[in-house]
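Below you'll find the structure, written out as structure tokens, and then a few comments.
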């Protein structure tokens with residue numbers, strides 16, 4: 001059987017696509033897998049901050065269109081980059097085992113956020129990271145940085161920046177963990193919802209590919225990502241919002257932790273809730289509604305006012 005995977009052309013995206021291809025071929029010996037590279041808007045526009053152009057779907061829409069048009073059979077995305085709602089006719093069919101979701105600090109000589117010098121310059125392109133950095137260290141000077149992982153690393157080492165924040169998962173998959181100064185605690189810098197998870201997206205009508213993917217589907221990763229993305233979806237108000245979520249496995253129970261922040265990090269609301277494995281989305285929805293009632297609605301209104 002032939003299977004065509006649609007992938008972005010970055011080294012990380014191709015590494016992830018090849019990881020999935022290898023997993024599938026281990027379970028389906030007669031499977032012939034081909035990878036087709038598709039450029040997305042996010043790969044083309046590199047000189048504008050993500051928050052200025054709207055990052056929801058920025059790295060997935062062109063690949064989803066190729067899937068809808070039948071040019072590819074399977075799309076592989078970093079799940080944190082995907083909108084919470086699926087286009088009509090598509091679905092996330094499976095999530096393989098999840099990588100460690102934490103963020104990391106890359107620095108030239110410093111090994112923690114708290115030992116960075118006063119008014120240190122730290123690079124990130126994420127509103128979520130920016131808000132949490134400013135909550136922890138209001139003196140930090142946040143610099144926007146774009147490009148794939150290797151490009152960001154090169155930009156960082158060629159600059160006078162003091163630090164940079166990246167996801168552990170991408171560095172691990174690329175074999176670049178030697179650049180990590182410290183892995184940040186999820187309570188210190190909470191990850192993006194579904195960070196470290198890969199989404200395997202197909203056409204809803206493609207039952208054959210759906211069946212193939214179940215061999216590499218990880219239920220724990222699915223439940224974690226579902227709870228975290230439900231938290232995000234409930235808080236999304238059509239605006240770019242600093243939202244973080246992370247599921248902790250604790251004594252055979254999954255605990256969802258969620259965080260909503262103002263853009264400047266000066267307001268931050270946290271909460272936690274046990275996840276029912278039979279209905280993980282409900283935990284995300286309930287926790288988000290609790291945070292909205294505790295002042296989250298006001299934070300969202302203030303963000304919308306700034307955007308308008």
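When you look at residue 170, is it touching a helix residue (DSSP H, G or I) at 6+ places or on another chain (Cβ under 7 Å), surrounded by 14 or more Cβ atoms within 10 Å (Cβ to Cβ) and outside the structural domain of residue 19 (by TED's automatic domain parsing), yes or no?
Numbers: touching a helix residue (DSSP H, G or I) at 6+ places or on another chain (Cβ under 7 Å): yes; surrounded by 14 or more Cβ atoms within 10 Å (Cβ to Cβ): yes; outside the structural domain of residue 19 (by TED's automatic domain parsing): yes.
Against the criterion (touching a helix residue (DSSP H, G or I) at 6+ places or on another chain (Cβ under 7 Å), surrounded by 14 or more Cβ atoms within 10 Å (Cβ to Cβ) and outside the structural domain of residue 19 (by TED's automatic domain parsing)), residue 170 qualifies.
Please state which one of 188, 249 is in a loop (DSSP other than H, G, I, E, B), in contact with a helix residue (DSSP H, G or I) (Cβ under 8 Å, 6 or more places away or on another chain) and surrounded by fewer than 20 Cβ atoms within 10 Å (Cβ to Cβ).
Numbers: 249 fails: in a loop (DSSP other than H, G, I, E, B).
So the residue among 188, 249 that is in a loop (DSSP other than H, G, I, E, B), in contact with a helix residue (DSSP H, G or I) (Cβ under 8 Å, 6 or more places away or on another chain) and surrounded by fewer than 20 Cβ atoms within 10 Å (Cβ to Cβ) is 188.
Among the residues making up segment 201-220, those that are in contact with a helix residue (DSSP H, G or I) (Cβ under 9 Å, 6 or more places away or on another chain) and either in the same structural domain as residue 132 (by TED's automatic domain parsing) or farther than 15 Å from residue 4 by Cα (or both) are 204, 215, 216.
Against the numbered list (1) touching a residue at least 40 places away in the same chain (Cβ under 8 Å); (2) buried (at least 24 other Cβ atoms within 10 Å of the Cβ), residue 268 comes up short only at (2). Among the residues of segment 1-44, those identified as over 23 Å from residue 214 (Cα atoms) and in a helix (DSSP H, G or I) are 11, 12, 41, 42, 43, 44. Within segment 287-308, the residues that satisfy the criterion of being more than 19 Å from residue 264 (Cα to Cα) and surrounded by 18 or more Cβ atoms within 10 Å (Cβ to Cβ) are 287, 288.
Residue 221 - would you say it is outside any strand (DSSP E or B) and closer than 20 Å to residue 185 by Cα? Spelling it out, residue 221 is indeed outside any strand (DSSP E or B) and closer than 20 Å to residue 185 by Cα.
Confirm whether residue 137 is in the same structural domain as residue 155 (by TED's automatic domain parsing) and more than 16 Å from residue 184 (Cα to Cα). Let's see the steps before the verdict.
Working: in the same structural domain as residue 155 (by TED's automatic domain parsing): yes; more than 16 Å from residue 184 (Cα to Cα): no.
In short, no.
The values are calculated or read from the model by the stated rules, or taken from the named source; none is laboratory data. These figures come from a predicted structure and were not determined experimentally. Don't worry about glycine lacking a Cβ; one is built from the backbone with ideal geometry, like all the others, and counts go over all protein chains shown.
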